[in-house]
Amino acid sequence: MQPADDYNVEQMSLSRREFLKWSGLAAGGLYLSPNLSWALPQQAAQRYGSGKRITVVGAGLAGLAAGWELTRAGHDVTILEAQLHPGGRVHTIREGLSDDLYAEAGAGRIPNTHTVTLEWVKHFGLILEPFFPNDGAEVALLRHKRVKMPMGRPLDMSQVPLDLTPDERRIGLANLDEHYYGETMRKIGDAVREDWPPEIARLADISMADFLRQRGASEDAIRYILLGFEDDAALDYMRDAFSHHTESLSKIKDGNDQLPRAFAATLSEVIRYGCAVEHIERNREHVRLSYRRAGMLDSIEADAVICTIPFGVLRGIPVTPEWSSEKRRVIDSLVYAPVVRTTFQVNRRFWEDEGLNGFGSSDKNFEVWHPTYRKPGRRGLLQAYAYEDYAHRLDQMNEQGRVECVVDDMEEVHPGLRQHLETVVVKSWANDPWQRGAFVVYHPGQQKWYPEICKREGRVWFAGEHASAWPGWMQGAIASGIKAAQEINGESDHAAA
């Protein structure tokens, strides 16, 4: 699909997380989710004679998509957003950087299989550009050794300082994913089902590391493949991997925050910024939200509420009467991954002297991105995308300690960083009071919570990446918001009949 007129699909690097020669077969999974036409921009919307008063909590992509759907259906909509800008975890960094440079602190990539996101990008006239380069070499830091991984050429496995089996060395790093879980991943696709066949259902109850051990993977191969996600449930990991292992990954030109800003521009009259919800009071017919704005306490009553607040934050907001015991258990227990995204501005792109494209990874559990790839100018940006245990350790440090640690670790990947460094911008999602984590991950035994996550509680509906088949992706947020709005519209349709 051509999501934008001037966008040409480019192949990504054949790296350990993107094995493209196989992913061409991954156009669909054996158990794929149903048709998603309901979540695409529509030319006409059903309008209801007596629209409801509906409050949406949160102006991230889920709340904005819900607001779009509800206002077009004729409801009286109010969107409460605690921060002073839209987007939530779709957050592009500009402040603190020079020369109009920008980088993604949150959602960074759009797979070519995410039709919902791509169609909304097209609807708003935004332009896509490739996320990954198709030239140069990446760098993998393995046991303190820099291993250059050239694009389109086989890697000299004698340079890889890992304790791999003879078969793993023959297969090569780029094909370990396909060898150990490619076929299973393609069977799963990106579906969420309650009636998985037994051979798939069991994967929700074992870790991805144990799944790979059962397939005969060495411990070093497991660490290399999973890069910190060893405890993720196998089903959750492979369902997410399906979105990574695709023909191409894109980003929005001038920043991914252009998408929520485009939504917000059409909803400016109904969005109230700086409004942090402090209490939820509900009965059988209405919901009253108490919120604080500019230091003052205010409230709003609605016939229905769509709550897009991440459960890590929602668990600290009082509700009267209390949520059902099952909902409360899930709200309190759902795991949000810690992520620290560190952006380094340098006075020149020194890594290009080695023929490198700036991308790479470290076995300390972080990816390396190059946001200024294909951008004009001498000054450049690198990013360290840290997650799981490494991100958790960074989150425990003070600001100075965190910067020093991640600069030291990035210096190992790209020697010369310190010499050319101009500034560092750090974003911790676990320490963000409005998010408390980057995205939902399911550990073994937790995938069964999904229906309860999405289930309404009286007059309160739930949406967000956590309430979708695509946790951590923009598509999940958009689709969940539209789904919740359409459920409310369905009630209105039924009442009108």
query: Cα extents of segment 47-181 along the three principal axes, largest first, in whole Å?
result: 70, 39, 26
query: In segment 84-147, carbon and sulfur make up what percent of the accessible area (probe 1.4 Å)?
result: 48
message: As an exercise, identify the trypsin sites (Lys or Arg not before Pro) in segment 220-293 lying in DSSP coil whose Cβ has no more than 15 other Cβ atoms within 10 Å.
response: 253, 284
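Under the classification rounded if a/c is under 1.5, otherwise prolate if a/b is larger than b/c and oblate if not, where does segment 283-327 fall, given a ≥ b ≥ c as square roots of the Cα gyration tensor eigenvalues?
Values: a/c = 1.96, a/b = 1.22, b/c = 1.60.
Since a/c reaches 1.5 but b/c is at least a/b, the shape of segment 283-327 is classed as oblate.
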query: Among the lysines, which fall within straight-line cross-link reach of residue 145, defined as a Cα-Cα distance under 20 Å, with same-chain neighbours fewer than 8 residues apart omitted?
result: 364
message: List the residue ranges in the chain for DSSP H helices whose C-alpha atoms run 24 angstrom or more along the long axis and whose Kyte-Doolittle average is -1.0 or above.
response: 474-496
- line: Computed on Cα atoms, the radius of gyration and Dmax of segment 328-466 in angstrom are 18.5, 61
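Tell me which GluC sites (Glu not before Pro) from segment 259-294 have a DSSP coil assignment and no more than 10 other beta carbons within 10 Å of their own. Write down the numbers at each step before the final one.
Working: sites: 269, 278, 281, 285; in loops: 269, 285.
Passing sites in segment 259-294 are 269, 285.
Classify segment 107-254 from the C-alpha gyration tensor, please: rounded if a/c falls under 1.5, else prolate or oblate depending on whether a/b exceeds b/c.
Numbers: a/c = 2.44, a/b = 1.14, b/c = 2.14.
Oblate, since a/c reaches 1.5 and b/c is not below a/b.
Just the number, please: carbon plus sulfur as a percent of the accessible area of segment 246-333, 1.4 Å probe, no ligands or DNA/RNA counted. Intermediate results must be reported in sequence, preceding the final value.
On the way: 1790 of 3970 Å².
Heavy-atom surface of segment 246-333 belonging to carbon and sulfur, 1.4 Å probe: 45 percent.
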field: All lysines inside 25 Å of residue 455 as judged from Cα atoms, apart from same-chain residues fewer than 8 positions distant
entry: 52, 327, 483
message: Straight-line reach only, C-alpha to C-alpha below 18 angstrom: list the lysines that residue 187 could link to, leaving out same-chain residues fewer than 8 apart.
response: 21
field: Structure-based [θ]222 nm, the chain - -39500 (n - 2.57) summed over DSSP H runs of at least 4, per residue, nearest 500
entry: -8000 deg cm²/dmol
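Given N residues in the chain, what is Rg(Cα) / (2.2 N^0.38 Å)? All intermediate terms of the calculation are to be shown ahead of the outcome.
Values: Rg = 22.7 Å, N = 497, 2.2 N^0.38 = 23.3 Å.
So the Cα radius of gyration is 0.97 times the expected 2.2 N^0.38 Å.
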statement: Result for the chain: accessible area per residue, probe 1.4 angstrom, in square angstrom, of 40
query: Among 426, 441, what's the order by accessible area (1.4 angstrom probe), most exposed first?
result: 426, 441
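The values are calculated or read from the model by the stated rules, or taken from the named source; none is laboratory data. No experiment lies behind these values; they were computed from the predicted model shown. Backbone-built Cβ (ideal geometry, glycine too); neighbour counts: all protein chains shown. Keep in mind that these areas ignore ligands, DNA and RNA; they rest on the heavy atoms of the full protein, side chains included. Shrake-Rupley method; radii C 1.70, N 1.55, O 1.52, S 1.80 Å.
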